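First the structure, in the form of structure tokens, and then the observations on it.
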Amino acid sequence: MSTSLDQYRAAKADYLKLRNQAKKELIARFNELASELLSIQRELLEDFGEKIAMPTKPKKSKAPSAAPATSSAAPANSRVVAVQKKIDGQKKKLADLQAAGKPTKAVEDRIYELEDELRLAKEA
């Protein structure tokens, strides 16, 4: 007779086994790609004299952006655009902090300050 607790324990053991296998496979694949990258880098240097540094961060591909909805309106004040970008950055930072369970008071205060600055910039 199998209870739900026994099934849970079996599923947990299967999960841990699969997790460890996946981790080993990912590490092996990473090392495989790193080795290939090093050999290509060496070949570029030896054959073409081209020295290329290892990338530290992956390049972001830019998705085509939608046309602004207010394209017929007057051009936006550069100060308004700059402050809006700061607000967007702070909101992203806030979301990251909330996801990590860290204190968010300082970032929330900064967002309020920037929103006030944005309001004043729009009035000017």
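Please treat every number below as a calculation from the coordinates, not as lab data. Keep in mind it's a predicted model, so treat the numbers as computed, not measured. Here the Cβ is made from the backbone with ideal geometry for all residues, glycine too, and neighbour counts use every protein chain on show.
Where q = 0.24, 0.25, 0.29 Å⁻¹, what log10 of I(q)/I(0) comes from the Debye formula for segment 1-55, counting one point per Cα?
Those come out to -0.88, -0.91, -1.02, one per q.
What distance in nm separates the simple spin-label points at A28 and D88, each placed 7 Å from Cα in the Cβ direction?
Going by the 7 Å Cα→Cβ label model, 4.3 nm.
In whole Hz and in residue order, list the ³J(HN,Hα) couplings for segment 96-103 that follow from phi through the Karplus curve 6.51 cos²θ - 1.76 cosθ + 1.60, θ = phi - 60°; x for Gly and Pro.
Those phi angles translate into 5, 5, 5, 5, 7, x, 9, x Hz.
Stretched out fully, how many nm does the piece from A10 to A100 gain, at 0.36 nm a residue minus the Cα gap?
Additional length available on full extension: 29.4 nm.
Mind listing the Cα extents of the chain along all three principal axes, in Å, largest one first?
The principal-axis extents, from largest down, are 69, 64, 30 Å.
Helix 105-123 sits at what angle to the longest principal axis of the chain, using alpha carbons and giving 0 to 90 degrees rounded to 10?
Once rounded, the angle reads 40 degrees.
Just for the Cα atoms in segment 78-123, what are the lengths along the principal axes, largest first, rounded to whole Å?
That gives 36, 15, 8 Å along the principal axes, largest extent first.
If r is the Cβ-Cβ distance from N77 to Y112 and R0 is 22 Å, what FRET efficiency results, to the nearest 0.05?
Step by step, r from the Cβ atoms, then E = 0.60.
Mind checking which lysines have their Cα closer than 26 Å to the Cα of K91? Skip sequence neighbours fewer than 8 apart in that chain.
Partners within reach: K57, K59, K60, K62, K102, K105, K122.
Specify the angular offset, from 0 to 90 degrees and rounded to the nearest 10, of the alpha carbon long axis of helix 4-43 from the longest principal axis of the alpha carbons in the chain.
80
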